[in-house]
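The values are calculated or read from the model by the stated rules, or taken from the named source; none is laboratory data. All of these numbers come straight from a predicted model, not from anything done at the bench. Cβ sites come from the backbone with ideal geometry, for glycine too, and all protein chains shown count toward neighbours.
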C-alpha cells in the first residue's frame, strides 16, 4: 500500500472467508493499509488476502466470540500506518459514494473523532431497505486512539461522546455463503442473546443486555422474550412494509423469525438447566 494514499487503514475480520475476502479487499484499494484479522480460518482466506497485498494477523479468541473484543485486540496489537481506521467484515464492500466521503474525512473534513456507518443489506440480489430498517447504524470508523469497542456481538463505540454518522452506505452481502453459514452464525448469536436475556430477567439491570445500541428496544425484547419470533416477523414484514420488497423479504423475514425462535428455545434451556430440570 502506498503512503500517498488517503490516511485510512482498513481492518477486515475474517474466519473461513475465501469466497468473500477478495471482493472486500478489492473495494478498499483507496486505503493506505489493509489489515485482515483472522480468527483461525481453515480455508484459503489468509493466502488470498496476502496475495492481494493485505497484512494478515491471526488471533483466535476464547469462546464465546465477541466482535468488540476482536476489534479491540487489533487496536492493541497492531501499529497502524494511518490516523483513521475503517472496520469491515469480509462480506461487506465500500461503494464509490462512501469511498469519496471517507477520503474527504481522512483529508481533514472531519467533524467527529468516530463515526457510525449504515449498510445496504443485499439478499439474493435485492436490497432489503424496508425489511431491515435502513438506515441501521453501526460503529465502523474512528480516529486512531479516539475510542474502543464494547457490546459483545452487537458492538458499539465505548465513548461518552456521540459519534458522527455517514449517510452513504456500505454494501453488506449478509447471505453470501448460503443458508448453512447463516444458520451457524445466528446459532452463535442466539446463544449470546439468550444468556443476556436470562441475566436481565434475573437482575432487572439493562446493563446485563451488554449493549447501549438500541438499548430501549433490547430491554423490551428481553421482557417480552416468549413472543419475539412473531413480533420480529410482524415488525419487519408488515409494519416496515417489507412485503413490498418481494419474495426475498418474505424469506428473510422468516429467517429472522427463526433466529428469534432459537433465542427463545435457548432461554428455556438455560432456565431449565439452572433449576435442574431435564431438557
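Which residues, counting only those in region 159-173, are without any contact (Cβ under 8 Å) to a residue 60 or more places away in the chain and outside any strand (DSSP E or B)? Break it down into steps so the answer makes sense when it comes.
Pass one, region 159-173, residues without any contact (Cβ under 8 Å) to a residue 60 or more places away in the chain: 159-165, 167.
Selection gives 159, 160, 161, 162, 163.
Residue 129 - would you say it is more than 24 Å from residue 31 (Cβ to Cβ) and at pLDDT below 95? Give the steps one after another, and end with the answer.
Numbers: more than 24 Å from residue 31 (Cβ to Cβ): yes; at pLDDT below 95: no.
It is false that residue 129 is more than 24 Å from residue 31 (Cβ to Cβ) and at pLDDT below 95.
Between 260, 274, which is more than 30 Å from residue 163 (Cα to Cα) and at pLDDT 95 or above?
Numbers: 260 fails: more than 30 Å from residue 163 (Cα to Cα).
None of the other options fit; the residue is 274.
Any chance region 118-136 includes a residue that's in the same structural domain as residue 33 (by TED's automatic domain parsing), buried (at least 17 other Cβ atoms within 10 Å of the Cβ) and over 20 Å from the mean Cα position of the chain (by Cα)? Please lay out each step first, then the result.
Filtering region 118-136 down to residues in the same structural domain as residue 33 (by TED's automatic domain parsing) leaves 118-136.
If we keep only those that are buried (at least 17 other Cβ atoms within 10 Å of the Cβ) too, we end up with 118-123, 127-132.
Next, from what is left, pick out any that are over 20 Å from the mean Cα position of the chain (by Cα): none.
No.
Of all the helices (runs of 4 or more DSSP H) wholly in region 1-77, which have at least 3 residues that are within 18 Å of the chain's Cα centre (by Cα) and surrounded by fewer than 19 Cβ atoms within 10 Å (Cβ to Cβ)?
On the way: elements: 21-26, 45-51, 67-77.
Result: 67-77.
Suppose the filter is at pLDDT 95 or above, buried (at least 18 other Cβ atoms within 10 Å of the Cβ) and part of a strand (DSSP E or B); does residue 102 pass it?
Taking the combined requirement at face value, the residue does not satisfy it.
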